[in-house]
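Participant: I'd like to ask you about the structure that follows.
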Amino acid sequence: MKYKSFEDLPVWKDAIELAVRVFALTEKPCFRGPSGTRNQLENAAVSISNNVAEGFERGTTQELLTFIYISRGSAGEVRSMLHLFDLLTQFKDFKFEISDLKLRSISISRQLRGWADSLQNSDIRGQRYLTDKSRRMTKESQEREEFLEELRRIREGNGPGSIPD
């Protein structure tokens, strides 16, 4: 599937939702006091979606891959901090929320890994490398494939040009 903007990406949407939920958790009274860990958790959560967005906008597959891996690193950082909070007594009343956030960060990491794997096995170099000629050739190739598919359906008797029995 082709995505026109990063806002359409399911992984970006999930990362935004994770950040919203992290901010909801860090508003709790147990996060008052020294703000270092709170800020680090919030920044790591926001970093996931921001790096997906930046990589998407860069225009090359290699740069996108770099930012996907940075995003994965941030998802791991969020998960690591949540493991710590799970062990601290001041957060014992928020085990469910912490567990939910860990599962969400794992899901995001898996999505990012799958996306990275598909890009690494792709010949696509990225939007920045597209020229009018390469766009025309891609369009012609797609039209040729659609034509051949229509021919196949006609031969099998399933196409709009087939003659009913």
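The values are calculated or read from the model by the stated rules, or taken from the named source; none is laboratory data. Note that the coordinates shown come from a computational prediction; the quantities given were computed from them, not determined experimentally. Cβ: placed from backbone, ideal geometry, glycine included. Neighbour counts: every protein chain shown. These area figures cover heavy atoms from the full protein model, side chains too; ligands, DNA and RNA do not enter into them. Shrake-Rupley method; radii C 1.70, N 1.55, O 1.52, S 1.80 Å.
Participant: Taking only DSSP H segments of four or more residues, each worth -39500 (n - 2.57), what value at 222 nm results for the chain once the sum is divided by all its residues, to the nearest 500 deg cm²/dmol?
Facilitator: The helix contribution divided over the chain gives -25000 deg cm²/dmol.
Participant: Once you keep just the Cα pairs under 8 angstrom separated by 6 or more residues, what percentage relative contact order results for the stretch 1-132?
Facilitator: On the way: 132 pairs, mean separation 37.7, N = 132.
Taking the mean separation of contacting Cα pairs over the length of the stretch 1-132, I get 29 percent.
Participant: Still on this structure: Summarise the accessible area of the chain (1.4 Å probe, protein heavy atoms) by the percent that is carbon and sulfur.
Facilitator: On the way: 5720 of 10900 Å².
Carbon and sulfur together cover 52 percent of it.
Participant: Whole number in Å², please: accessible area per residue of the chain, 1.4 Å probe, ligands, DNA and RNA not counted. The partial results should precede the final answer.
Facilitator: Values: 10900 Å² over 165 residues.
Roughly 66 Å² per residue, with all protein chains present.
Participant: OK, next. Grab the beta carbon distance between Asp117 and Lys28, set R0 = 25 Å, and tell me the FRET efficiency rounded to 0.05. Write down the numbers at each step before the final one.
Facilitator: Numbers: r = 37 Å, r/R0 = 1.47.
My answer for the efficiency is 0.10.
Participant: Roughly what would the spin-label model give for Ser80 and Tyr3, points 7 Å off Cα along C-beta, in nm?
Facilitator: Rounded to a tenth, the inter-label distance reads 2.5 nm.
Participant: Can you tally the net charge around Phe96? Count Lys and Arg as +1, Asp and Glu as -1, for every other residue whose Cβ sits under 13 Å from the Cβ of Phe96.
Facilitator: +2
Participant: Same structure again: With all protein chains present, calculate the accessible area of Thr89 using a 1.4 Å probe and round the result to the nearest 10 Å².
Facilitator: The accessible area comes out at roughly 110 Å².
Participant: Could I ask something else about it? Of Ser105, Ser74, Ala15, which is farthest along the charge dipole of the chain in the positive direction, counting Lys and Arg as +1 and Asp and Glu as -1 at C-beta?
Facilitator: Result: Ser74, furthest along the dipole toward the positive end.
Participant: At 1.4 Å probe size, put Met81, Met137 in order of accessible surface, largest to smallest.
Facilitator: Met137, Met81
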